[in-house]
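One structure is given below, encoded as structure tokens.
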Amino acid sequence: MEIKPLTGAFGAEVFDIDLKSGINSEEVRLIDEALAENVVLVFRNQELDIDGFEKFAKTLGDFGDTPFITPVDGHPNVLRLLREPEEKGPLFGSGWHSDWSFQEQPPSATLLYALEVPEAGGDTAFTNQYLAFESLSESMQAILRGLKGLHSAERSYGPRGTFGRPDPDSSMNIQGDETAVVLQTHPMVRSHPLTGRQSLFVNEVYTVGIEGMTKTESDALLEFLFAHSRQIAFTCRVRWMPGTLTMWDNRATQHFAINDYAGSKREMYRITLAGEQPVLS
Ligand code: SIN
């Protein structure tokens, strides 16, 4: 297995590995370490069916819980992210976020496998939340280490959220409900269990406030942090081909599905891996 950087900032491509033939425990260790360091890993030209995709994910960890979206029949841990050429409604994943950060134990990693992609467009963009935190002044870092963010699925899956009502024209079966309004508190800076590095753990879609602050105060600080995180030097972008599998570490990145492929079809399988309660140590 050979690992080469994807950009100067972060992300890596992994070569000389065939995921369908299974991976051994040493390869699992190398992938875990490479993911924690590089945040995003891209494996090209993989030939996986849904069982092979699930099997690879399972060698890396337990499956996470997937709320609000109906999974593939017979595969409760796999989502099909499907967008047909004529669809016009909101695109799943099209806002900066860290997957399911409103959960008590948000997923450690997400795996996305491309079945069919537009000739051009439909890339996924990522931020590096280690770099976003480390580039702040020591004074700001100290303030943030003392703060907790409030996370909620309401804006996406609440009754008035983006996906709050069933959309008959959508190829994905997304059902929001009242449970989305629950607030979950997480440290705004978390320590990565493998690298020990601290990362900024807030995201635009699910972080709705800061514990103990007024809305005006928290909106201003969060808006600053969101803009800080998405500056170009802290981002990378993955261009998909059929057979590309990308995995990312939700503890150290936000991502964004780019909605620039009207008229083309895009189809992916997606699995999340179970994570732990975020802590700052
Ligand atoms: C996601 O947010 O999990 C989906 C990303 C994508 O479709 O590119």
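Some notes on this structure:
- Within the range 215-239, considering residues that are in a loop (DSSP other than H, G, I, E, B) and more than 18 Å from residue 38 (Cβ to Cβ), the one farthest from the ligand (Cβ to nearest atom): 231
- Residue in the range 116-126 that is touching a helix residue (DSSP H, G or I) at 6+ places or on another chain (Cβ under 7 Å) and open to solvent by 20 Å² or more (accessible area, probe 1.4 Å) present: no
- For the residues 204, 276, the requirement of being within 24 Å of residue 133 (Cβ to Cβ), of a type in the set (Asp, Glu) and away from the ligand (no atom under 16 Å from the Cβ) singles out 276.
- Subset of the range 248-281 (residues that are among the charged types (D, E, K, R) and not in a strand (DSSP E or B)): 251, 260, 265, 276
- Of the residues examined, residue 4 is one that is under 23 Å from residue 234 (Cβ atoms), in contact with an Asp or Glu (Cβ under 8 Å, 6 or more places away or on another chain), of a type in the set (Lys, Arg) and open to solvent by 50 Å² or more (accessible area, probe 1.4 Å).
Quick grid of which residues meet (1) crowded, with 17+ Cβ neighbours inside 10 Å; (2) in contact with a strand residue (DSSP E or B) (Cβ under 6 Å, 6 or more places away or on another chain):
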{"residue": "168", "(1), (2)": "no, no"}
{"residue": "175", "(1), (2)": "no, no"}
{"residue": "180", "(1), (2)": "yes, no"}
{"residue": "185", "(1), (2)": "no, yes"}
{"residue": "206", "(1), (2)": "yes, yes"}
{"residue": "213", "(1), (2)": "no, no"}
{"residue": "216", "(1), (2)": "no, no"}
{"residue": "220", "(1), (2)": "no, no"}
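- Any hit, the range 248-259, residues being closer than 27 Å to residue 28 by Cβ, more than 16 Å from the ligand (Cβ to nearest atom) and of a type outside the set (A, V, I, L, M): no
- Residue that is nearest to residue 13 (Cα to Cα), among those in the range 43-58 that are surrounded by fewer than 18 Cβ atoms within 10 Å (Cβ to Cβ) and touching a helix residue (DSSP H, G or I) at 6+ places or on another chain (Cβ under 6 Å): 47
- Scan of the range 19-42 for residues that are open to solvent by 90 Å² or more (accessible area, probe 1.4 Å) and either touching a residue at least 12 places away in the same chain (Cβ under 8 Å) or more than 26 Å from residue 128 (Cβ to Cβ) (or both), ordered by number: 20, 25, 37
- Here residue 190 passes the criteria (1) closer than 24 Å to residue 69 by Cα; (2) buried (at least 22 other Cβ atoms within 10 Å of the Cβ) except the one numbered (1).
- Of all residues making up the range 68-113, the number that are within 11 Å of the ligand (Cβ to nearest atom), in a loop (DSSP other than H, G, I, E, B), open to solvent by less than 40 Å² (accessible area, probe 1.4 Å) and of a type in the set (Ser, Thr, Tyr): 1
The values are calculated or read from the model by the stated rules, or taken from the named source; none is laboratory data. Bear in mind the structure is a predicted one, so any value in this text is a computation, not a measurement. Glycine gets a Cβ as well: all are built from the backbone with ideal geometry, and neighbour counts include every protein chain shown. Accessible surface is based on the protein model in full, side chains and every heavy atom, while ligands, DNA and RNA are left aside. Shrake-Rupley method; radii C 1.70, N 1.55, O 1.52, S 1.80 Å.
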